[in-house]
Amino acid sequence: MAATTIATATPEAESASAAPVSTVRGACPHDCPDTCALLTTVQNGRALRVQGNPAHASTGGVLCTKVSRYAERTHHPERILTPLKRVGPKGQGQFQPVSWDEALQDIAARLGTIAARNPEAILPYSYAGTMGLVQGESMDRRFFHRLGAAQLDRTICATAGGEALLHTLGAKVGMKLEFFAQARLILIWGSNSIASNLHFWRLAQQAKRDGARLVCIDPRKSETAEKCHEHLQLMPGTDAALALALMHELIVHDWLDHDYIERHTLGWEQLRERALAWPPERAAEVCGLPVEQIRRLARDYGNTRPAAIRLNYGVQRVRGGGNAVRAIACLPALVGAWREPAGGLLLSSSGHFPVQRAQLQRPDLLGTRRPRLLNMVTLGDDLLRPGSSAFGPPIEALVIYNSNPVAVAPDSGRVVQGFAREDLFTVVLEHFQTDTADWADYVLPATTQLEHWDIHLAYGHTDVLLNRPAIAPQGQARSNAHIFRELAAHMGFTEPCFTDSDEQLCRQAYGAAVDFEQLLEHGFAALALPDAPFAQGGFATPSGRCEFYSQRLAQQGLDPLPDWLPNHEAPGRSPLSALYPLAMISPPARNFLNSSFVNLQSLRDIEGRPLLEIHPQDAAARAIADGDLVRVFNGRGSYACHAQISQRARPGVVNGLGIWWRKLGVEGTNVNELTSQALTDMGAGPTFYDCLVQVERAAHPQQKK
């Protein structure tokens, strides 16, 4: 298990043994379902180490390798600790320090000038660099609502799956995490849990020791797949076909809970008809799986209780991702798995949390204005789009925080073209000089989680966590909320809500729904939820049932039943296949979290270098040897990295591990040079795992851009 409980910042910090030592409770801010409770040991105003809080059941005193190095990250010598103003050409990363007053006055003046013409020419861009409700979605939203800026559709991770759960279960809800330990069969579907959901994996291992069967469903033979009893290594984007074939077998063998279906589902007859069109033979051809493997999984799922599914978001990053999640989310109701605490499904638990978002974000500050909504996935195209009656004004200013879009947004060649516009004003709030910060006009130093207040929900368990500052802000760093308070003041916004402190915002996030005094005392508080939330139905859908058939989808002109949709770029089906015959997925490198932690040398040393996993058969056909420098390319761009010949890749599929910063790549690009801006079937999400490429040996490395 890749986990540890302690990370030391520096030997010098440990040597100051005479000074008093304190321990401060906090929460991990990163985009991970585990949302761990932290304990930070502090001496002389410096974080010595960050540990998991053993009093928090889900965390259990254990942290992943990445976050165990959080003290190293906070005290990193490359931290940005003063405001910076660009002095060189765009993209070159040449800056000079300036005062906060100079930076804020100039930024406010330039935003004010643009807003006087049309505030919708200003676009905020943020995501889950912190998952905190205060530093991620409070004062910033108030600022942009008051300004009347364009609104950002924050779709880059989870919206297809979220919409699918909404139209099936009624919300992003599911099993309680702790009960996976009691399951007898666990399907780990689209998740490398060892790397990205460590605390669930501990429970799965406990269940395995107690006799449970673990089955992994994933196009990549991940570390998790290697530890399961069986691995179904299907083609990317074929999960819905597999789920429909499982339904077919449940029906024809009558492995169904007819009473649960009758009482607590909607659309059974229509779903039954569709599923019967998917015998295992058909799904096997689509998925690239042995027929018997599909039959065996259906037999196990239909005859084992309790049976649990841990679904993750990789499944929904293809054209038919929403339909895939819908199909999988129907399975527990068919067999009555929801009757037991250890049965059912978990993709996200975030819908359980009673967050007071209107109080935090104050959409009332918009008044009667209704600004346009721009999708963060299509940033590359939108930055290059001229003004029109349909689109609105061209984007003239970007304010970026909690995100690194030059590295993480799809079709990054287009994104870079957009950032290179001389008439684009760009402000970045950051800890480090990322790929995106290199293109900024101003970089403002932001605090890390150890330096500010915040409060959290989770999408992998059901506890609220409070983060208290363990140390003072380093250098001149300020919290995101502080920066937007100051910007509001410089813009002349006088509404009282712009004076709320970070601690006050923490208190507002849940209001009376969560005991804040308990959070102050313990650092976390569990939501009061039933152990088996849908044992007696009670789904949050309009019908109160698990909706196999969704009238709301029908009203949107979408298929009301789950179905399999081929990828936008499906091998053998897309016209692009002749030029680019390999499907590519881009799962995260084990020691990075999206593009966070990439700048930590200790973690880069573990990862080594940017890699492409390729099956021996595909490597041999291209005369590629292990370790060769290769060029991965399609019509959108080219990416140089090193080949790793491995059974982790199945034939016809390559795995481009991400997300390396572009500037650390062999030729100044990363895997998102290849991904597209095409969207999912519902939720307008990204299709990172729906991508055709070709691979060839590279003659020699080209000069880094």
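What number of residues within region 489-531 satisfy the criterion of being open to solvent by 50 Å² or more (accessible area, probe 1.4 Å) and in a helix (DSSP H, G or I)?
The qualifying residues number 13.
In the list 550, 479, 501, which residue meets the criterion of being over 30 Å from residue 55 (Cβ atoms) and polar (S, T, N, Q)?
Unique residue meeting the criteria: 550.
How many residues, within region 80-97, are surrounded by 21 or more Cβ atoms within 10 Å (Cβ to Cβ) and under 28 Å from the mean Cα position of the chain (by Cα)?
Taking region 80-97 and keeping what is surrounded by 21 or more Cβ atoms within 10 Å (Cβ to Cβ), we get 80, 83-84, 95.
From what's left, under 28 Å from the mean Cα position of the chain (by Cα): 80.
Counting residues in region 80-97 that are surrounded by 21 or more Cβ atoms within 10 Å (Cβ to Cβ) and under 28 Å from the mean Cα position of the chain (by Cα) gives 1.
Would you check which residues across region 417-451 are out of contact with any Phe, Trp or Tyr (no Cβ under 6 Å at 6 or more places or on another chain), in a helix (DSSP H, G or I) and either of a type in the set (Ser, Thr, Tyr) or touching a residue at least 60 places away in the same chain (Cβ under 8 Å) (or both) and list them?
437, 438, 449, 450, 451
May I ask you to list the residues in region 131-173 that are in a loop (DSSP other than H, G, I, E, B) and under 27 Å from residue 466 (Cα atoms)? Walk me through it before giving the result.
Residues of region 131-173 in a loop (DSSP other than H, G, I, E, B): 131-132, 138, 148-150, 154-158, 167-173.
Across region 131-173, the qualifying residues are 131, 132, 138, 154, 155, 156, 157, 158, 171, 172, 173.
What about residue 318, is it under 25 Å from the mean Cα position of the chain (by Cα) and farther than 25 Å from residue 565 by Cα? Show your work before the answer.
Numbers: under 25 Å from the mean Cα position of the chain (by Cα): yes; farther than 25 Å from residue 565 by Cα: no.
Judged against the criteria, residue 318 is not a match.
Identify the residue in region 547-582 that is touching a Pro at 6+ places or on another chain (Cβ under 6 Å) and open to solvent by 50 Å² or more (accessible area, probe 1.4 Å) and, among all such residues, is modelled with the lowest pLDDT.
Here is the first cut: in region 547-582, the ones touching a Pro at 6+ places or on another chain (Cβ under 6 Å) are 549-550, 553-554, 573, 577.
Filter once more, keeping what is open to solvent by 50 Å² or more (accessible area, probe 1.4 Å): 549, 573.
Details: 549: 98, 573: 92.
For region 547-582, the residue satisfying everything is 573.
Assess whether residue 483 counts as being part of a strand (DSSP E or B), at pLDDT 95 or above and farther than 30 Å from residue 174 by Cα.
Values: part of a strand (DSSP E or B): no; at pLDDT 95 or above: yes; farther than 30 Å from residue 174 by Cα: yes.
Against the criterion (part of a strand (DSSP E or B), at pLDDT 95 or above and farther than 30 Å from residue 174 by Cα), residue 483 does not qualify.
Out of curiosity, is residue 333 under 18 Å from residue 534 (Cα atoms), surrounded by 24 or more Cβ atoms within 10 Å (Cβ to Cβ) and touching a residue at least 60 places away in the same chain (Cβ under 8 Å)?
Details: under 18 Å from residue 534 (Cα atoms): yes; surrounded by 24 or more Cβ atoms within 10 Å (Cβ to Cβ): yes; touching a residue at least 60 places away in the same chain (Cβ under 8 Å): yes.
The answer is yes for residue 333.
Out of everything in region 70-125 that is of a type in the set (S, T, N, Q) and assigned to a helix (DSSP H, G or I), what residue ends up being nearest to residue 372 (Cα to Cα)? I'd like the intermediate steps shown before the answer.
First pass over region 70-125, keeping only residues of a type in the set (S, T, N, Q): 74, 82, 92, 94, 96, 99, 105, 113, 118.
With the extra rule that they be assigned to a helix (DSSP H, G or I), the set shrinks to 74, 105, 113.
Details: 74: 37, 105: 27, 113: 19 Å.
The extreme case among them is 113.
Residue by residue through region 624-646, note down the ones that are under 18 Å from residue 223 (Cα atoms), part of a strand (DSSP E or B) and of a type in the set (S, T, N, Q). Working first, answer last.
Taking region 624-646 and keeping what is under 18 Å from residue 223 (Cα atoms), we get 644-646.
From what is left, the residues that are part of a strand (DSSP E or B) are 644-645.
644, the sole residue that qualifies.
Can you tell me how many residues in region 63-111 are modelled with pLDDT under 95 and farther than 30 Å from residue 606 by Cβ?
0
When only residues in region 131-178 that are charged (D, E, K, R) and within 30 Å of residue 307 (Cα to Cα) count, which is most open to solvent (accessible area, probe 1.4 Å)?
Taking region 131-178 first, the residues charged (D, E, K, R) are 137, 140-142, 146, 153-154, 163, 172, 176, 178.
Retained after the next criterion (residues that are within 30 Å of residue 307 (Cα to Cα)): 163, 172, 176, 178.
Working: 163: 60, 172: 72, 176: 24, 178: 89 Å².
Among residues in region 131-178 that are charged (D, E, K, R) and within 30 Å of residue 307 (Cα to Cα), the one most open to solvent (accessible area, probe 1.4 Å) is 178.
Among the residues of region 244-276, how many are farther than 16 Å from residue 534 by Cα and assigned to a loop (DSSP other than H, G, I, E, B)?
Here the count works out to 6.
Residues 128, 181: which one is buried (at least 19 other Cβ atoms within 10 Å of the Cβ), aliphatic (A, V, I, L, M) and in a helix (DSSP H, G or I)? Break it down into steps so the answer makes sense when it comes.
Details: 128 fails: in a helix (DSSP H, G or I).
From the options 128, 181, the qualifying one is 181.
What's the number of the only condition in (1) free of Cβ contacts under 8 Å to residues at least 24 places away in the same chain; (2) part of a loop (DSSP other than H, G, I, E, B) that residue 649 fails to meet?
Evaluating residue 649 over (1) free of Cβ contacts under 8 Å to residues at least 24 places away in the same chain; (2) part of a loop (DSSP other than H, G, I, E, B) leaves (1) as the failure.
Within region 670-683, is even one residue surrounded by fewer than 18 Cβ atoms within 10 Å (Cβ to Cβ) and over 27 Å from residue 226 (Cβ atoms)? Lay out the reasoning, then the answer.
Initially, region 670-683 is screened for residues surrounded by fewer than 18 Cβ atoms within 10 Å (Cβ to Cβ), giving none.
No - not one qualifying residue is present in region 670-683.
Is it true that residue 460 is at pLDDT 95 or above and open to solvent by 20 Å² or more (accessible area, probe 1.4 Å)? It would help to see each step written out before you state the result.
Details: at pLDDT 95 or above: yes; open to solvent by 20 Å² or more (accessible area, probe 1.4 Å): no.
No: the conditions fail for residue 460.
Can you find, within region 184-220, the residue that is farthest from residue 650 (Cα to Cα) among those that are surrounded by 23 or more Cβ atoms within 10 Å (Cβ to Cβ) and β-branched (Val, Ile, Thr)?
Ranking the candidates gives 186 first.
Among all residue pairs at least 6 apart or on different chains, which show Cβ distances below 6 Å where the first residue, located in region 285-296, is more than 14 Å from residue 244 (Cβ to Cβ) and the second is in a helix (DSSP H, G or I) and open to solvent by 30 Å² or more (accessible area, probe 1.4 Å)?
Taking only residues 6 or more apart or on different chains, the pairs are 291/281.
Just a yes or no: is a residue in region 471-486 open to solvent by 20 Å² or more (accessible area, probe 1.4 Å) and closer than 27 Å to residue 350 by Cβ?
Keep residues of region 471-486 that are open to solvent by 20 Å² or more (accessible area, probe 1.4 Å), which gives 472-476, 478, 482, 485-486.
If we keep only those that are closer than 27 Å to residue 350 by Cβ as well, we get 482, 485.
Checked region 471-486: at least one residue is open to solvent by 20 Å² or more (accessible area, probe 1.4 Å) and closer than 27 Å to residue 350 by Cβ.
Within region 372-416, can you find the residues that are part of a helix (DSSP H, G or I), open to solvent by less than 20 Å² (accessible area, probe 1.4 Å) and closer than 17 Å to residue 684 by Cβ? Full working, then the answer.
If we filter region 372-416 for residues that are part of a helix (DSSP H, G or I), which is where we start, we get 376-383, 405-408, 412-416.
From what is left, the residues that are open to solvent by less than 20 Å² (accessible area, probe 1.4 Å) are 376-377, 379-380, 382-383, 405-407, 412-413, 415.
376, 377, 379, 380, 382, 405, listed by residue number.
Scan region 557-599 for residues that are of a type in the set (S, T, N, Q) and either without any contact (Cβ under 8 Å) to a residue 40 or more places away in the chain or in contact with a strand residue (DSSP E or B) (Cβ under 6 Å, 6 or more places away or on another chain) (or both) and report the count. Please lay out each step first, then the result.
Residues of region 557-599 of a type in the set (S, T, N, Q): 567, 574, 577, 586, 591, 594-596, 599.
From the residues that got through so far, the ones that are either without any contact (Cβ under 8 Å) to a residue 40 or more places away in the chain or in contact with a strand residue (DSSP E or B) (Cβ under 6 Å, 6 or more places away or on another chain) (or both) too are 586.
Within region 557-599, residues that are of a type in the set (S, T, N, Q) and either without any contact (Cβ under 8 Å) to a residue 40 or more places away in the chain or in contact with a strand residue (DSSP E or B) (Cβ under 6 Å, 6 or more places away or on another chain) (or both) number 1.
Let me confirm something: among 435, 454, which residue is touching a Lys or Arg at 6+ places or on another chain (Cβ under 6 Å) and buried (at least 21 other Cβ atoms within 10 Å of the Cβ)?
Working: 454 fails: touching a Lys or Arg at 6+ places or on another chain (Cβ under 6 Å).
Testing whether each residue is touching a Lys or Arg at 6+ places or on another chain (Cβ under 6 Å) and buried (at least 21 other Cβ atoms within 10 Å of the Cβ) leaves just 435.
In region 590-623, what residues are of a type in the set (A, V, I, L, M, F, W, C), open to solvent by 10 Å² or more (accessible area, probe 1.4 Å) and in a helix (DSSP H, G or I)?
Filtering region 590-623 for residues of a type in the set (A, V, I, L, M, F, W, C) gives 592-593, 597-598, 600, 603, 606, 611-612, 614, 619-621, 623.
With open to solvent by 10 Å² or more (accessible area, probe 1.4 Å) added as a condition, the list becomes 593, 606, 611, 620-621, 623.
606, 620, 621, listed by residue number.
Can you give me the number of residues within region 243-285 that are open to solvent by less than 10 Å² (accessible area, probe 1.4 Å), aromatic (Phe, Trp, Tyr) and either modelled with pLDDT under 95 or within 17 Å of residue 300 (Cβ to Cβ) (or both)?
The number of residues fulfilling the criteria is 0.
The values are calculated or read from the model by the stated rules, or taken from the named source; none is laboratory data. Here the structure is a predicted model, which means the values were calculated and not measured. Using ideal geometry, Cβ is built from the backbone for each residue, glycine included, and neighbour counts are taken over all protein chains shown. Just the protein is used for accessible areas: all its heavy atoms, side chains included, with ligands, DNA and RNA removed. Shrake-Rupley method; radii C 1.70, N 1.55, O 1.52, S 1.80 Å.
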